[in-house]
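Asks: Starting off with a structure, shown below.
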Amino acid sequence: MQQIDFQDVTLITPTAAMSAAVHGGRAKCLQRLIRLGMPVPTTLALSFDAVLQIAKGHLPDLAAMLDPFGPSPLLSVRPSSQDPDWGGPGAILNIGMNDESHAALSKRVGEAAATALYVRFVQSYAIHVVRLDPDVFDFPNLSDASVLRAALETFEAEADEPFPQDVSVQLSEVLRSMARAWDGTSARLLREAKGAPVDAGLGLVVQALALGVGADESGSGVIQFVSSATGQPQIIGRYLSQSQGREALNDRAGAIYLTSDPRGPALEDISPDNFAALVSYGAIARTRLREEMQIEFTLEDNVLHILDAVRIQRSSRALVQIAVALATDEVIPREEAVMRVPPNALSEMLHRQVDPSAIRDIIVRGIGASPGAATGRIVLTAAEAQASAARGEACILVRRETTPEDIRGMHAAQAVLTMRGGITSHAAVIGRGLGVPCVVGASDLTIDRKRQEIVAPGGRRFASGDTITVDGTTGTVLAGAPDMLEATLDDAFQTLLAWADDFRDIGVRANADTPADAQTASNFAAEGIGLCRTEHMFFEGDRLGVMREMIFAETADDRRVVLDRLMPMQRADFVKLFSIMDGQPVTIRLFDMPLHEFLPYDKAGQRDLAEQLAMPVSIVTDRVQALSEYNPMLGMRGVRQGIAVPEIYDMQARAIFEAVADVAGRGLPVQPEIMIPLISAMREVELIKGRIDAIAAAVQRETGVSFAFKLGVMVETPRAALRAQDIVKYASFLSFGTNDLTQMTYGLSRDDAGRFMSAYVQQGVYEEDPFHTLDLDGVGELLAIGAARGRAGRPDVVVSICGEHGGTRAAIGFCRTQKFNYVSCSPFRVPLARLSAAQLALAEQMPAGGRRATMPPISMK
Ligand code: PEP
Ligand code: MG
């Protein structure tokens, strides 16, 4: 038989040539533990190549392999994949147990203990190596001599051969089965889901067994030095006398505490020296391995052995806490702490919750599958969710269960509610991944498709469009919009982001339409508001009625009179925004919505409106018809309305300037910026600027307060990007609205593309939905052209992006390369954007191939 080269099998010593890329992370870590002076039993590492050869049937020289372990060795074999997160086959212990070693061990540690070791090995060999039925090896009392006989007889009967007594046969079969398991389809899929490359290798470590059974104090346990939930210092783990492997974690009843504890015995009491040694090893591992490790250890006749150490499992909160603590203690530099936290981990820490003191009108209960709470209008399909998001309306996607077809709708929704499924259902997994609150398995709820309603227990009905709240933390669904509490973010979170801010080189602002949004933005240290969509303010309170009256006004003067009633309301909105943002820039975008959206589209609604306005219904119907457009997204919206019906922009400009005068008049800082939407020609800006400047001058005259403001435009038509050089004559900033720009570049409807987007992505027409992932090639080119031409016309023009893409890593990366001044994104994405921006800047500074790649993969949400 062909044998593999012995250099692929390496005895782990402090100086052996060894790397995670060749031998796997576990082997490399064990070498580090040995270098740090920890008592690691003799260990051999088999390289990825060796394991690959073994899988093909080419075995190493077993006599040479066994030599370092001495006569009659007892061994364990564990997987050593490059990244421990990629998993691998389970460890196999007690290799070498046979009749002879059983007899010898019985003398040393007692017959019962020796028998248990032998039976355990027969079991795992039978099940994991020979792949016999686990049920027939399920024995109640492992230390019983009759059980050992039964195990050996069962093995022989099932395998058609006696249990192998030769340690080299046992070891070679164990190695072969573990090598082959790595090749299995499910193992492959599992590790690829965790980011492993297709050709990821498996290494194996063969280690002398530290017994964990014996006459003097013997046993095994695990210890870690911070909490996996919070990351705060705390000694956590268990120890179980007369045990092996991770049994201490499974036998909660028999295991004892590690630190002295009034509730029961502890390792610190029964073996204080070994406990102290473990604590010191933990401290050494932390500083030298630069990580919080969980250490697996064994006492054999009161002698401590360190078998293994792995990075502790950690929640997102603990991840941040640990990174910050390591940097604070100067174990790692701050740069590395910032690089260690994938931005998505922050989103789990950022959730709003229902205020505990709010009145909760519970509609139905289910399983809380993704934390946080969100309020929105009910939508029953993914397409409606996308349309709703495109209108800027918060929605809750309610589905019987979700499928991959729904992902884009889930992206668009504030929360997801399903009738079926559990904690690992599609909705639950995706919801958590997206950081979208989610309740699943609300099985008492039904959907009445015909009437477009959901029916709750007791017959309560909620129509599509009604407002509900999903509380993914408690698994409840509430009627209406209870008060919310913003996420409470701990000091480590704030510290990490403050460090990130030191490294990033692009600004981060928030898209915020309401004082609540602005407060969130400010809490997350956004450097201002990059987009306030003012049209959303017109739907609140009695403003809708005023807008409708305005639409029916006969003359410009009549319109102005009606709008004058809205002006103080808008002014109050802006005063609040300016106050909350406390001198940071606030970019207010002028009205951008087709007027017909303020009118009812159905007959009943039109009749109601006619009644309210005391006019014949025919007039209402005629006006609805007159305003309706074949393609409203390309019709009378944005600046076109500002030019055709200037009274609305005039009113808004006055409201903004009076708010500025109010705030500035009180001696408070304020930086107003007015932004004009849907520009496609320089003359549009010139006309609007003329009116706005006049209003600013008038307000300054009337109030006696002088103030400065900026006027800029949204670049969201391809023509605006192409003509940016002229447009900046009247605009001091350009903000790319990549939602409309994507729509117009592709000729794709923002509201309707969801219908065929799945087919397009599945068939590789588009790599991704361009409304979620910025199309760097096409739309990106327009951004680059627009920025360059804008700067050519006005070198100090401020350039930014404020479409939904603004907070994504890919868009931030692109905007950095184009030297944009800032990105603006939804308030909850601000921390993620700050961190992504810092990581992108740091990644650029890192020497190529220098540090271990800790950059998280690019993720869009
Ligand atoms: C855009 O078009 O990218 C944008 C930010 O504006 P809105 O989404 O309001 O059209
Ligand atoms: Mg737009």
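Asks: Can you tell me which residue is farthest from residue 630 (Cα to Cα) among those in segment 754-771 that are away from ligand 1 (no atom under 16 Å from the Cβ) and assigned to a helix (DSSP H, G or I)?
Replies: Pass one, segment 754-771, residues away from ligand 1 (no atom under 16 Å from the Cβ): 755-768.
Keeping just the survivors that are assigned to a helix (DSSP H, G or I) gives 755-762.
On the way: 755: 19, 756: 21, 757: 22, 758: 26, 759: 26, 760: 25, 761: 28, 762: 30 Å.
Among those residues, the one meeting the criterion is 762.
The rows are residues; the columns are (1) out of contact with any Ser or Thr (no Cβ under 6 Å at 6 or more places or on another chain); (2) within 12 Å of ligand 2 (Cβ to nearest atom); (3) within 14 Å of residue 681 (Cβ to Cβ).
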residue: 721; (1), (2), (3): yes, no, yes
residue: 726; (1), (2), (3): yes, no, yes
residue: 730; (1), (2), (3): yes, no, yes
residue: 736; (1), (2), (3): yes, yes, no
residue: 743; (1), (2), (3): yes, yes, no
residue: 748; (1), (2), (3): yes, no, no
residue: 751; (1), (2), (3): yes, no, no
residue: 759; (1), (2), (3): yes, no, no
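Asks: Just one of 722, 734 is more than 16 Å from ligand 1 (Cβ to nearest atom), closer than 25 Å to residue 790 by Cα and at pLDDT 95 or above; which is it?
Replies: Details: 734 fails: more than 16 Å from ligand 1 (Cβ to nearest atom).
Selected residue: 722, the only one of 722, 734 that is more than 16 Å from ligand 1 (Cβ to nearest atom), closer than 25 Å to residue 790 by Cα and at pLDDT 95 or above.
Asks: Output the number of the condition that residue 163 fails; it satisfies all remaining conditions of (1) over 17 Å from residue 93 (Cα atoms); (2) surrounded by 14 or more Cβ atoms within 10 Å (Cβ to Cβ).
Replies: For residue 163, the failing item is (1).
Asks: Hey, another quick one. Let me confirm something: among 751, 775, which residue is within 14 Å of ligand 1 (Cβ to nearest atom), assigned by TED's automatic domain parsing to the domain that holds residue 531 and either touching a Lys or Arg at 6+ places or on another chain (Cβ under 8 Å) or over 19 Å from residue 814 (Cβ atoms) (or both)? Reasoning before the result, please.
Replies: Numbers: 775 fails: either touching a Lys or Arg at 6+ places or on another chain (Cβ under 8 Å) or over 19 Å from residue 814 (Cβ atoms) (or both).
Within the list 751, 775, the selection yields 751.
Asks: Still on this structure, please answer the following. Just to verify a result, which residue in segment 618-633, among those that are free of Cβ contacts under 8 Å to residues at least 12 places away in the same chain and either assigned to a helix (DSSP H, G or I) or within 17 Å of residue 539 (Cα to Cα) (or both), is farthest from ligand 2 (Cβ to nearest atom)? Can you show your working first?
Replies: Looking only at segment 618-633, we keep the residues that are free of Cβ contacts under 8 Å to residues at least 12 places away in the same chain, and these are 618, 622, 625-626, 630-631.
Narrowing the set further to residues that are either assigned to a helix (DSSP H, G or I) or within 17 Å of residue 539 (Cα to Cα) (or both) leaves 618, 622, 625-626.
Working: 618: 34, 622: 29, 625: 26, 626: 24 Å.
Among them, the one singled out is 618.
Asks: Do you know which residues across segment 203-221 are at pLDDT below 95 and either in a loop (DSSP other than H, G, I, E, B) or within 33 Å of the chain's Cα centre (by Cα) (or both)? It would help to see each step written out before you state the result.
Replies: We begin by selecting, within segment 203-221, every residue at pLDDT below 95; these are 209-221.
Correct list: 209, 210, 211, 212, 213, 214, 215, 216, 217, 218, 221.
Asks: Follow-up question, since we're still on this one. Which of the residues belonging to segment 555-589 are outside any helix (DSSP H, G or I) and either modelled with pLDDT under 95 or of a type outside the set (Val, Ile, Thr) (or both)?
Replies: 555, 582, 583, 584, 585, 589
Asks: Would you mind telling me which numbered condition in (1) in contact (Cβ under 8 Å) with a residue 12 or more places away in the chain; (2) in contact with a helix residue (DSSP H, G or I) (Cβ under 7 Å, 6 or more places away or on another chain) residue 260 fails?
Replies: Against the list (1) in contact (Cβ under 8 Å) with a residue 12 or more places away in the chain; (2) in contact with a helix residue (DSSP H, G or I) (Cβ under 7 Å, 6 or more places away or on another chain), residue 260 comes up short only on (1).
Asks: Right, here's the next one. Return the residue satisfying two criteria in turn: it lies in segment 590-617 and is among the small types (Gly, Ala, Ser) and assigned to a helix (DSSP H, G or I), and of such residues it is modelled with the highest pLDDT.
Replies: Here is the first cut: in segment 590-617, the residues among the small types (Gly, Ala, Ser) are 604-605, 610, 614.
If we keep only those that are assigned to a helix (DSSP H, G or I) as well, we get 604-605, 610.
Numbers: 604: 86, 605: 85, 610: 91.
Checking each candidate, the answer is 610.
Asks: Which ones in segment 753-782 are touching a residue at least 60 places away in the same chain (Cβ under 8 Å), within 14 Å of residue 383 (Cβ to Cβ) and surrounded by fewer than 16 Cβ atoms within 10 Å (Cβ to Cβ)?
Replies: The one that is touching a residue at least 60 places away in the same chain (Cβ under 8 Å), within 14 Å of residue 383 (Cβ to Cβ) and surrounded by fewer than 16 Cβ atoms within 10 Å (Cβ to Cβ): 755.
Asks: Enumerate the strands (runs of 3 or more DSSP E) found wholly within segment 448-536, keeping only those where 2 or more residues are within 16 Å of ligand 1 (Cβ to nearest atom) and surrounded by fewer than 16 Cβ atoms within 10 Å (Cβ to Cβ).
Replies: Numbers: elements: 453-455, 461-463, 467-471, 476-479, 507-511, 529-533.
Result: empty, no element qualifies.
Asks: Residues 394, 387, 413: which one is surrounded by fewer than 18 Cβ atoms within 10 Å (Cβ to Cβ), modelled with pLDDT of 90 or more and farther than 27 Å from residue 223 by Cα?
Replies: Details: 387 fails: surrounded by fewer than 18 Cβ atoms within 10 Å (Cβ to Cβ); 413 fails: surrounded by fewer than 18 Cβ atoms within 10 Å (Cβ to Cβ).
Matching residue, one of 394, 387, 413: 394.
Matching residues to (1) surrounded by 18 or more Cβ atoms within 10 Å (Cβ to Cβ); (2) of a type in the set (Val, Ile, Thr); (3) at positive phi:
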residue	(1), (2), (3)
35	no, no, no
48	yes, no, no
54	yes, yes, no
57	no, no, yes
64	no, no, no
68	no, no, no
74	yes, no, no
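The values are calculated or read from the model by the stated rules, or taken from the named source; none is laboratory data. Bear in mind that the values here come from a model prediction, so they are computed numbers and not experimental data. Backbone-built Cβ (ideal geometry, glycine too); neighbour counts: all protein chains shown.
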